[in-house]
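Since the structure comes first, as structure tokens, the remarks are kept for the end.
The values are calculated or read from the model by the stated rules, or taken from the named source; none is laboratory data. The shown structure was predicted, so the numbers you read here are calculated from the model rather than taken from an experiment. Here the Cβ is made from the backbone with ideal geometry for all residues, glycine too, and neighbour counts use every protein chain on show. Heads up: the accessible areas ignore ligands, DNA and RNA and are worked out on the full protein's heavy atoms, side chains in. Shrake-Rupley method; radii C 1.70, N 1.55, O 1.52, S 1.80 Å.
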Amino acid sequence: MSDYTEGTTTKGTVSQLNSAGAVIKLEESVEGLIPVKEYPETIKTGDEVDVLVKKTLMRERRFILALKK
């Protein structure tokens, strides 16, 4: 697994949109979430996005993300 420490930026692909937010696939079996209030309505499944790692949840291998500005 790549280094996804808080404060780093990386690329990912939007794998799904749900009521919690946009699920971003960072690599195989590693996902992050951009909360629904933090992404534009124009984002869609399949988009490649630049993201900032805001919080690391290592046990779940998941991350709270934000779109890189």
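Quick check on my filter: what residues within segment 37-53 are open to solvent by 20 Å² or more (accessible area, probe 1.4 Å) and part of a strand (DSSP E or B)?
The initial filter retains those residues of segment 37-53 that are open to solvent by 20 Å² or more (accessible area, probe 1.4 Å), namely 37-42, 44-48, 50, 52.
Correct list: GLU48, ASP50, LEU52.
Identify the single condition in (1) part of a strand (DSSP E or B); (2) open to solvent by less than 70 Å² (accessible area, probe 1.4 Å) that LYS11 does not satisfy, given that it satisfies every other one.
Checking LYS11 against (1) part of a strand (DSSP E or B); (2) open to solvent by less than 70 Å² (accessible area, probe 1.4 Å), the one that fails is (2).
Checking the condition within 11 Å of ALA66 (Cα to Cα) and either in contact (Cβ under 8 Å) with a residue 60 or more places away in the chain or not small (Gly, Ala, Ser) (or both), which residue from TYR4, TYR39 passes? Steps first, please.
On the way: TYR4 fails: within 11 Å of ALA66 (Cα to Cα).
Within the list TYR4, TYR39, the selection yields TYR39.
Filter segment 26-36 for residues that are exposed (fewer than 15 other Cβ atoms within 10 Å of the Cβ) and touching a residue at least 12 places away in the same chain (Cβ under 8 Å); which is nearest to LYS68 (Cα to Cα)?
Initial filter on segment 26-36 (exposed (fewer than 15 other Cβ atoms within 10 Å of the Cβ)): 27-29, 35-36.
Next, from what is left, pick out any that are touching a residue at least 12 places away in the same chain (Cβ under 8 Å): 27, 29, 35-36.
Working: GLU27: 18, SER29: 22, PRO35: 14, VAL36: 15 Å.
Selected residue: PRO35.
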